[in-house]
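K.L.:
Before I ask anything, here is the structure I am working with.
The values are calculated or read from the model by the stated rules, or taken from the named source; none is laboratory data. This one's a predicted model, so the numbers in the text were calculated from it and none came from an experiment. Cβ: placed from backbone, ideal geometry, glycine included. Neighbour counts: every protein chain shown. Remember, those area values only see protein heavy atoms, side chains included, never the ligands or the DNA or RNA. Shrake-Rupley method; radii C 1.70, N 1.55, O 1.52, S 1.80 Å.
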Amino acid sequence: MYLNRVKLLYRLISKNQRIANRRHPMFERNMVFKVLTYFFVAFWAVYLAVLGIAFFFIFDGTNREAFDWINGGMIFILSIDFLLRFVMQETPAQEVKAYKLMPIPMNFLFNVFLVRSGLRGYNFFWFFFLVPFGFLAVPSFFGFSGLIGFLIGWWLMFVLNSYWYLFWRTWINRHTYILVAPVLCCAALIYFGIFFDEQCPWLFYATLRLGRGFVNFYPLSFVLVLIAIIPMFIVNKRMLRHFVYLEISKDDRVKKVKSQEMRFLNRFGEIGEYIKLEIKSTIRNQVVRKQFLFGAFYMFLLCALFAFSDVYDGSSFMKIFICIYCFACLGTMTLTGIMCMEGNYIDGLMSRKESVLSLLKAKYYFNCMMMIFPLLSVIMPIVEGKLTVVTALGCLFFSMGVVFPFLFQLAVYNNNTIHLNDKLTRSGRSTKTQMIFSSAALFVPIFIMYLLMSLFSENIASVIMLVIGFIGTAMHPLWLRNIYRRFMKRRYVNMAGFRDSRQV
């Protein structure tokens, strides 16, 4: 009886989500995005399959069996899977709240959502890699039954990883800085379990023996994973209940944000007020704050890898990519949705003359101010002698004078509201135009810089980039006013789009 109720509710929730996606007012606009998403999923599926076959031939004939190497490196695959889930998987907390008013026992509802998280299709995504690899490596020693045990064991590990991710993601949604904890945890496991004592890497041998138990169908191996899954399920259920009730009830203590007067901006008048608004939006609102934090995290990580490792030393392309990416990533992540945040209050914004022009200027000055963070990050490769000051300044001014004006063109065409409390991966507002602009903003400057360095020396190419960027920066009053005029010509079309998407 209980299982039948779980099955019925599971089907109902799946049906409701399909209908919700189909009825979304942005559904037609997102069709291109969805087609591209399916294309990239298919691409990575084929890529993983080819990688699985290649790994078999790489490890075949070594001092260990090929599947032992994959099982021994289980922590690497699970760590990569954990990080990818931040893009691909969401916590069920927001979905549960929609069913709170229905006559469904909360414990029963939490169980269904957590079971659904464990059975979701993403937990099978790595099978594109494991199935071709396992088909070549396992049956010759353990038959097809060994292959089935190999796949079932890995699937259980991905389910465990899913609940491990939900545990940390629930806390990160409340306090973003906690993201450091799971990253350090994975790094510590890899270092102390594999590289600290290379003569006896205990984690490598532990996961190797666990994988051997999977292919031999040893019950203890599966029981050990289930013993780890069950407490993670219970802990996630308790956390889910706590945070859902905390968000719904009035007992949630709202932290009073101290008045941030920022009086030093008062001298800039209306533009200064809009800069204050940009700063407060970055601090307070989930979408804007997480865009900034994720961009800063990836930027710092790339600079650290480039500076303190020799991974990218032999590639001039990666050197250009890292430098351009560091200065363009924050602007690309925030400016791709320019005016989408303002869609929440566009009617009030349009009631004042020239307010949109002042807002555009404030956004430009704010994003230029944010260049201090990539400038501080590239100090690491500059100190290590892997990057010159002229190259860094060239990328800095090219981003402010060319990349930013290019992204600001989206202010004319964006007409879909992004709710300020939406989750970053659930905003679902990316359009074809935004994807094209964001891709071009990152890769076209890399191509230009690479072409200039092929024709001239690195210093000359950097000076050319610097001069072009400085001219674009100096001319910002002209191109901002041009964007403002074109925006005003389309204002009624844009306002209608903002209002429609606000109703979601």
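K.L.:
Looking at the structure I just gave you, is Val389 of a type in the set (A, V, I, L, M), more than 12 Å from Ile338 (Cβ to Cβ) and open to solvent by 10 Å² or more (accessible area, probe 1.4 Å)?
P.N.:
In short, yes.
K.L.:
Then there's this: How many residues are of a type in the set (Ser, Thr, Tyr) and under 17 Å from Lys290 (Cα atoms) if we restrict to segment 155-194? Outline the logic, then answer.
P.N.:
First pass over segment 155-194, keeping only residues of a type in the set (Ser, Thr, Tyr): 162-163, 165, 170, 176-177, 191.
Filter again for under 17 Å from Lys290 (Cα atoms), leaving 170, 176-177.
Result for segment 155-194: 3.
K.L.:
Would segment 141-149 turn up any residue that is at pLDDT 85 or above, open to solvent by less than 10 Å² (accessible area, probe 1.4 Å), of a type outside the set (Lys, Arg) and assigned to a helix (DSSP H, G or I)?
P.N.:
Yes, the conditions are met somewhere in segment 141-149.
Yes or no, residue by residue, for (1) open to solvent by less than 60 Å² (accessible area, probe 1.4 Å); (2) of a type in the set (Lys, Arg); (3) at pLDDT 85 or above:
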position: Ala42; (1), (2), (3): yes, no, no
position: Val46; (1), (2), (3): no, no, yes
position: Ile53; (1), (2), (3): no, no, yes
position: Ile70; (1), (2), (3): yes, no, yes
position: Gln89; (1), (2), (3): yes, no, no
position: Val96; (1), (2), (3): yes, no, no
position: Phe110; (1), (2), (3): yes, no, no
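K.L.:
Tell me the residue from Leu208, Leu224, Leu184 that is part of a helix (DSSP H, G or I) and under 20 Å from the mean Cα position of the chain (by Cα), please. Give the steps one after another, and end with the answer.
P.N.:
Working: Leu208 fails: under 20 Å from the mean Cα position of the chain (by Cα); Leu224 fails: under 20 Å from the mean Cα position of the chain (by Cα).
Of Leu208, Leu224, Leu184, the one residue that is part of a helix (DSSP H, G or I) and under 20 Å from the mean Cα position of the chain (by Cα) is Leu184.
K.L.:
Does Leu184 count as open to solvent by less than 10 Å² (accessible area, probe 1.4 Å) and at pLDDT below 90? Walk me through it before giving the result.
P.N.:
Values: open to solvent by less than 10 Å² (accessible area, probe 1.4 Å): no; at pLDDT below 90: yes.
Answer is no for this residue.
K.L.:
Continuing with the same structure: Considering only residues that are crowded, with 21+ Cβ neighbours inside 10 Å, hydrophobic (A, V, I, L, M, F, W, C) and within 20 Å of Leu466 (Cβ to Cβ), which ones fall in segment 359-386?
P.N.:
Val378
K.L.:
Return yes or no: is Arg209 of a type outside the set (Phe, Trp, Tyr), within 23 Å of Val138 (Cβ to Cβ) and modelled with pLDDT of 75 or more?
P.N.:
Working: of a type outside the set (Phe, Trp, Tyr): yes; within 23 Å of Val138 (Cβ to Cβ): yes; modelled with pLDDT of 75 or more: yes.
Criteria met by Arg209.
K.L.:
If you don't mind, another one. Assigned to a helix (DSSP H, G or I), farther than 20 Å from Phe408 by Cα and within 27 Å of the chain's Cα centre (by Cα): is that true of Leu375 in this structure?
P.N.:
Details: assigned to a helix (DSSP H, G or I): yes; farther than 20 Å from Phe408 by Cα: yes; within 27 Å of the chain's Cα centre (by Cα): yes.
Yes: the conditions hold for Leu375.
K.L.:
Report, by residue number, each residue of segment 169-180 that is modelled with pLDDT of 80 or more and open to solvent by 40 Å² or more (accessible area, probe 1.4 Å).
P.N.:
Trp171 - this is the single residue of segment 169-180 that is modelled with pLDDT of 80 or more and open to solvent by 40 Å² or more (accessible area, probe 1.4 Å).
K.L.:
Here are some conditions: (1) open to solvent by less than 40 Å² (accessible area, probe 1.4 Å); (2) more than 13 Å from Ile338 (Cα to Cα); (3) at pLDDT 90 or above. Phe404 meets all but one. Which one does it not meet?
P.N.:
Answer for Phe404: the failing condition is (2).
K.L.:
Here is a list: Phe306, Phe268, Phe317, Phe327. Which entry is open to solvent by 20 Å² or more (accessible area, probe 1.4 Å), more than 26 Å from Met488 (Cβ to Cβ) and either in contact with a Lys or Arg (Cβ under 6 Å, 6 or more places away or on another chain) or aromatic (Phe, Trp, Tyr) (or both)? Can you show your working first?
P.N.:
On the way: Phe306 fails: open to solvent by 20 Å² or more (accessible area, probe 1.4 Å); Phe268 fails: more than 26 Å from Met488 (Cβ to Cβ); Phe327 fails: open to solvent by 20 Å² or more (accessible area, probe 1.4 Å).
Testing whether each residue is open to solvent by 20 Å² or more (accessible area, probe 1.4 Å), more than 26 Å from Met488 (Cβ to Cβ) and either in contact with a Lys or Arg (Cβ under 6 Å, 6 or more places away or on another chain) or aromatic (Phe, Trp, Tyr) (or both) leaves just Phe317.
K.L.:
Residues in segment 152-161: is at least one at pLDDT 80 or above, open to solvent by 80 Å² or more (accessible area, probe 1.4 Å) and out of contact with any Phe, Trp or Tyr (no Cβ under 6 Å at 6 or more places or on another chain)? Spell out the reasoning first.
P.N.:
Pass one, segment 152-161, residues at pLDDT 80 or above: 152-161.
Those still in the list that are open to solvent by 80 Å² or more (accessible area, probe 1.4 Å) too: none.
Checked against the condition, which is being at pLDDT 80 or above, open to solvent by 80 Å² or more (accessible area, probe 1.4 Å) and out of contact with any Phe, Trp or Tyr (no Cβ under 6 Å at 6 or more places or on another chain), segment 152-161 yields no hits at all.
K.L.:
Right, something else. Can you pull out every residue in segment 451-463 that is surrounded by 17 or more Cβ atoms within 10 Å (Cβ to Cβ) and touching a residue at least 40 places away in the same chain (Cβ under 8 Å)?
P.N.:
From segment 451-463, those surrounded by 17 or more Cβ atoms within 10 Å (Cβ to Cβ) are 452-453, 458, 461-463; that's our starting set.
Met453, Glu458, Ala461, Ser462, Val463 - these are the residues of segment 451-463 that are surrounded by 17 or more Cβ atoms within 10 Å (Cβ to Cβ) and touching a residue at least 40 places away in the same chain (Cβ under 8 Å).
K.L.:
Among what's in segment 331-342 and is open to solvent by 10 Å² or more (accessible area, probe 1.4 Å) and aliphatic (A, V, I, L, M), pick the residue that is farthest from Ala441 (Cα to Cα).
P.N.:
By that ranking, first place goes to Met341.
K.L.:
With respect to Val356, is the statement that it is in a helix (DSSP H, G or I), open to solvent by less than 30 Å² (accessible area, probe 1.4 Å) and at pLDDT below 75 true? Give the steps one after another, and end with the answer.
P.N.:
Numbers: in a helix (DSSP H, G or I): yes; open to solvent by less than 30 Å² (accessible area, probe 1.4 Å): yes; at pLDDT below 75: no.
Considered against the rule, which asks whether it is in a helix (DSSP H, G or I), open to solvent by less than 30 Å² (accessible area, probe 1.4 Å) and at pLDDT below 75, Val356 comes out as no.
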